[in-house]
1. With the checklist (1) assigned to a loop (DSSP other than H, G, I, E, B); (2) of a type in the set (Val, Ile, Thr); (3) assigned by TED's automatic domain parsing to the domain that holds Leu24 in hand, flag the one item Val120 doesn't pass.
2. Can you tell me how many residues within region 91-134 are of a type in the set (S, T, N, Q) and in contact (Cβ under 8 Å) with a residue 40 or more places away in the chain?
3. Of a type outside the set (Val, Ile, Thr), under 18 Å from the mean Cα position of the chain (by Cα) and within 24 Å of Lys75 (Cα to Cα): is that true of Gly190 in this structure?
4. Determine, yes or no, whether Arg16 is touching a residue at least 12 places away in the same chain (Cβ under 8 Å), assigned to a helix (DSSP H, G or I), outside the structural domain of Leu164 (by TED's automatic domain parsing) and under 18 Å from the mean Cα position of the chain (by Cα).
5. Out of the residues in region 94-131 that are under 18 Å from Ile153 (Cβ atoms) and of a type in the set (A, V, I, L, M, F, W, C), state the one that is surrounded by the most Cβ atoms within 10 Å (Cβ to Cβ).
6. Restricting the search to region 143-200, which residues are small (Gly, Ala, Ser) and either assigned by TED's automatic domain parsing to the domain that holds Gly10 or in a loop (DSSP other than H, G, I, E, B) (or both)?
7. Restricting attention to region 159-166, does a residue exist that is surrounded by fewer than 22 Cβ atoms within 10 Å (Cβ to Cβ), over 18 Å from Ser9 (Cα atoms) and either touching a helix residue (DSSP H, G or I) at 6+ places or on another chain (Cβ under 8 Å) or at pLDDT 95 or above (or both)?
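The values are calculated or read from the model by the stated rules, or taken from the named source; none is laboratory data. Because the structure is predicted, anything quoted here is derived from the model rather than measured. FYI the Cβ positions are ideal-geometry reconstructions off the backbone, even for glycines, and counts take in every protein chain you see.
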Amino acid sequence: MKLYDRIPSGNCHKIRLMLSFLNLEYETVLVDSANKQHKSPDYLKMNPRGQFPVLVDGDSIVYDSHAILVYLALKYYNLNWYSNDPYEVALIQEWLSFSANEIHNSLNLARLKYKFNANVDWDLAKQKSILVLGILDQHLDRRDWLELSKPTIADIACFPYVALANEGKIDTSQYKNIIKWINNIKKLPGYIGMEGIVEL
């Protein structure tokens, strides 16, 4: 198994976390994004979008962090991180969508502004981040996990960019339920950290 990885990427960290939680062995292939390796013909054969991460597992090539999470959960862990119940699957998928849309367009963009000097409207990203954090914090009231009363790929999908909010100059200190949830994830067996994820 190979993971085409970029260390500063929160999306890649989702997969690093999942692979570690599942205790799966894999080879890391660092993508040279500075030299546009992810736009090369060979890379585009694996992922026509030219993005990372990409997981190669035998003859299976999977791209998009959320698709990879579903693939790993279904193939390697007997649904403990996912479900085969239609309603439970829908609940988890709602959070994968929340990660790909609301979190991506708020906390992720704020981080891109300050960590990578991206051309981002930070004030708008901050406004959206406050809304996202409010939704998440309210949902986590009296909950340890996002859904099913256990850790699932919903938690892994949403975790990195929320935990990296400080790199986008977004203050999460007032969101006590989020802080508790982040610390719950950090206590899971197999948890691995990432530069920028600080103690709360």
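1. Status for Val120: all satisfied but (3).
2. Kept after step one, since they are of a type in the set (S, T, N, Q), are these residues of region 91-134: 93, 97, 99, 101, 105-106, 108, 117, 119, 127, 129.
Imposing the further condition that a residue be in contact (Cβ under 8 Å) with a residue 40 or more places away in the chain reduces the set to 99, 108, 129.
So the count comes out to 3.
3. Values: of a type outside the set (Val, Ile, Thr): yes; under 18 Å from the mean Cα position of the chain (by Cα): yes; within 24 Å of Lys75 (Cα to Cα): yes.
Spelling it out, Gly190 is indeed of a type outside the set (Val, Ile, Thr), under 18 Å from the mean Cα position of the chain (by Cα) and within 24 Å of Lys75 (Cα to Cα).
4. Numbers: touching a residue at least 12 places away in the same chain (Cβ under 8 Å): yes; assigned to a helix (DSSP H, G or I): yes; outside the structural domain of Leu164 (by TED's automatic domain parsing): yes; under 18 Å from the mean Cα position of the chain (by Cα): yes.
Yes, satisfied.
5. So, considering only residues that are under 18 Å from Ile153 (Cβ atoms) and of a type in the set (A, V, I, L, M, F, W, C), the one surrounded by the most Cβ atoms within 10 Å (Cβ to Cβ) is Ile103.
6. Let us first name the residues in region 143-200 that are small (Gly, Ala, Ser), namely 149, 154, 157, 163, 165, 168, 173, 190, 193, 196.
Ser149, Ser173, Gly190, Gly193, Gly196 - these are the residues of region 143-200 that are small (Gly, Ala, Ser) and either assigned by TED's automatic domain parsing to the domain that holds Gly10 or in a loop (DSSP other than H, G, I, E, B) (or both).
7. Pass one, region 159-166, residues surrounded by fewer than 22 Cβ atoms within 10 Å (Cβ to Cβ): 166.
Then keep just the ones that are over 18 Å from Ser9 (Cα atoms); that gives none.
For region 159-166, residues surrounded by fewer than 22 Cβ atoms within 10 Å (Cβ to Cβ), over 18 Å from Ser9 (Cα atoms) and either touching a helix residue (DSSP H, G or I) at 6+ places or on another chain (Cβ under 8 Å) or at pLDDT 95 or above (or both): absent.
This table checks each residue for (1) assigned to a helix (DSSP H, G or I); (2) small (Gly, Ala, Ser); (3) within 25 Å of Val162 (Cβ to Cβ).
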position	(1), (2), (3)
Cys12	yes, no, yes
Ile61	no, no, no
Ala73	yes, yes, yes
Leu112	yes, no, yes
